[in-house]
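What follows is calculated from the coordinates using simple rules that are stated; it is not laboratory data. Every value quoted in this text rests on a predicted model; they were computed, and no experiment measured them. All Cβ positions, even for glycine, are placed from backbone atoms using ideal geometry, and neighbour counts span all protein chains on display.
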Amino acid sequence: MTETPLQVPDAIVAHFDALLTETGVIELIADEVGDRPGPDGLPIRTVLLGLLISIHYTGKATLAEAWRLMTFSLTPTMREQHHLPDVDPADPHAQLASSRRFYRTFDTATTALDLDRVDRRTRLPPKDADAYAAAWDDDDPEHQRKRALLQDIVTRLVLTPVHRARGRGYLAHYGSDVGIDATAIPTWATPPRTRKSTGEHLASIEITAGWHYSGGDGPPTFGYSATLATAARTHDHVGHHPQLALGLVIDTPHRRIGPAAITTLTGIAPLGLPTGTIAVDRAYTDQKTEHFAQPARALGYKLALDYKVDQRGL
């Protein structure tokens, strides 16, 4: 943990720092956090920057890896710029204090953004867990506002690189087609279980997680569903373009399938990209027309749907 596997160049840090600034999410989160009591922690920018750098180098967005890279792999200039004090690699107490400060900053942000904060260090009875989870589905105005804010943060993080790519001409040959699909995001939390000693039913600490069933005969994944919209590429189109993610919605598996897809398409609209054909699988074919097909067509898209043989009417 104390060895330095790499040194992150200042240019890489500056690149992701500028990307964060361009998204505007720092201000959104800061406004939500406000002036909270207690000692000053690290800037939320520092923690988010660490997560982006962690994804870049390791493919993982974990706080442990983000803290390690920000603490031991940045140059002294960058550490000072992002309010990171020097930590002695041989001093475990200094490392612990530094990592806790890093973690607390992230916890402050998630506490402010959470709809109904729940202690995720212990399992709750299903009835109590369901009461907290209901905040993600109800009509409470404050809950609706926070759900919209969270989606806004996600959309900004996804679309800012797309804005950059378009400005640099990378999408000049984009043929306007979009592919939409839901993929599983596993959680480290274990599923609901029954306590052997008492027979008591206990919920997962991830109270809004569920079982994601993919096509095929494979086992389900316990976690969340990520609805992704990507810039599709067809064989007959002249030129090439990056198959960028154009939208992302994370939700409990198999909930709001059609509306989640429409949310990704609505986020794309301000880019001013041409609208072509949407390719989707049977999960979207089975949706009520008012949940997917009608609003998708209203946005200007044609639909390429997947039907079973006995559904084609031939």
Worksheet entry | Structure-derived Cα Rg over 2.2 N^0.38 Å: which label, when the choices are (i) 0.93; (ii) 1.13; (iii) 1.28 | (ii)
Worksheet entry | Nearest-0.05 FRET efficiency for Arg297 and Asp119, computed from C-beta distance (R0 41 Å) | 0.35
Worksheet item: Helix 10-23 versus the longest principal axis of the chain: what angle, 0 to 90°, nearest 10, using Cα atoms?
Response: 60 degrees
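For Arg79, what charge total do you get from the other residues with a beta carbon under 12 Å from its beta carbon, if Lys and Arg give +1 and Asp and Glu give -1? Before the final figure, lay out the partial values.
Details: positive: none; negative: Asp10, Glu80, Asp86.
For residues surrounding Arg79, the net value is -3.
Would you mind giving the average projected area, over all directions, of the Cα convex hull of region 126-311 in nm² with one decimal?
Values: hull surface 54.8 nm².
Its Cα hull, projected and averaged over all orientations, spans 13.7 nm².
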Discussion item. Less than 14 Å Cβ to Cβ from Asp119, Lys/Arg counted +1 and Asp/Glu -1: what total charge do the surrounding residues give?
Written reply: -1
Fill in: region 10-113: C-alpha gyration tensor shape, a/c 1.5 cut-off, then a/b vs b/c
oblate
Discussion item. Need the full-extension length gain, Glu32 to Thr111, defined as separation in residues times 0.36 nm minus the C-alpha distance. One decimal, nm.
Written reply: 27.5 nm
Worksheet, complete the sentence: Given a Förster distance of 22 Å, the FRET efficiency implied by the Cβ-Cβ spacing of Thr277 and Gln243, rounded to the nearest 0.05, works out to 0.90
Fill in: Charge sum, other residues only, whose C-beta stays under 12 Å from Ile185's C-beta, Lys/Arg counted +1 and Asp/Glu -1
-2
Practice prompt. Rank Leu124, Val158, Val87 by how far each Cα sits towards the positive end of the charge dipole of region 82-215 (+1 on Lys, Arg Cβ; -1 on Asp, Glu Cβ) and give me just the farthest.
Written response: Val87
Practice prompt. Compute the acute angle (0 to 90°) between the alpha-carbon long axis of helix 92-113 and the principal axis of greatest extent of the alpha-carbon atoms of the chain; round to the nearest 10°.
Written response: 40 degrees
Fill in: Globularity index of region 63-106, i.e. its alpha-carbon radius of gyration over 2.2 N^0.38 Å
1.05
